[in-house]
């Protein structure tokens, strides 16, 4: 039976492939070894919440990763939903929706009052999913980045 659950070190091989696919979606070069090292670090430090979707055949089909942060303005914790990815061959089956709902439930369970995320402006499929789940586009702030050499 399909299930959503926290990732574990037993998932590293399959999860490394998914994370590498996620990175390639964002035009990064493929590097499963680096993806695995990144995941080993996340799981070892427990500095993120990483949920996986496992299908009926015990294959990982997707993941969502959340990072805790603090909000000075609200004096409360926040989580950034930084990563959501579903294996391309499993898309259209509700896996992304299930992962998003599980992320919100996990935040509720931890007393986190708000999640935030960013997505590419051209990623209409993701935007439709988020909005169908009640997420609201933030038009009050501009996002900026600074690359540090």
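Quick notes on this one:
- Sole exception among (1) assigned to a loop (DSSP other than H, G, I, E, B); (2) without any contact (Cβ under 8 Å) to a residue 24 or more places away in the chain; (3) touching a strand residue (DSSP E or B) at 6+ places or on another chain (Cβ under 8 Å) for residue 119, by number: (3)
- When each of 60, 106, 70, 39 is tested for being surrounded by fewer than 18 Cβ atoms within 10 Å (Cβ to Cβ) and more than 11 Å from the chain's Cα centre (by Cα), the lone residue that passes is 70.
- From the list 60, 129, the lone residue that is in contact with a strand residue (DSSP E or B) (Cβ under 7 Å, 6 or more places away or on another chain) and within 28 Å of residue 16 (Cβ to Cβ) is 60.
- So residue 69, is it free of Cβ contacts under 8 Å to residues at least 12 places away in the same chain and in a strand (DSSP E or B): yes
- Among residues of region 87-103, those that are outside any helix (DSSP H, G or I) and surrounded by 11 or more Cβ atoms within 10 Å (Cβ to Cβ), counted: 4
- Within region 126-149, the set of residues being assigned to a helix (DSSP H, G or I) and surrounded by 12 or more Cβ atoms within 10 Å (Cβ to Cβ) comprises 126, 127, 129, 130.
- Of all residues in region 6-16 being in contact (Cβ under 8 Å) with a residue 40 or more places away in the chain and more than 13 Å from the chain's Cα centre (by Cα), the one that is nearest to residue 66 (Cα to Cα): 11
- Here residue 95 fulfils each of the conditions (1) within 13 Å of the chain's Cα centre (by Cα); (2) within 23 Å of residue 46 (Cα to Cα); (3) in contact (Cβ under 8 Å) with a residue 40 or more places away in the chain apart from (2).
No value in this document is a laboratory result; all are computed from the given coordinates. Bear in mind that the values here come from a model prediction, so they are computed numbers and not experimental data. Positions of Cβ are backbone-derived with ideal geometry, glycine not excepted, and every protein chain shown enters the neighbour counts.
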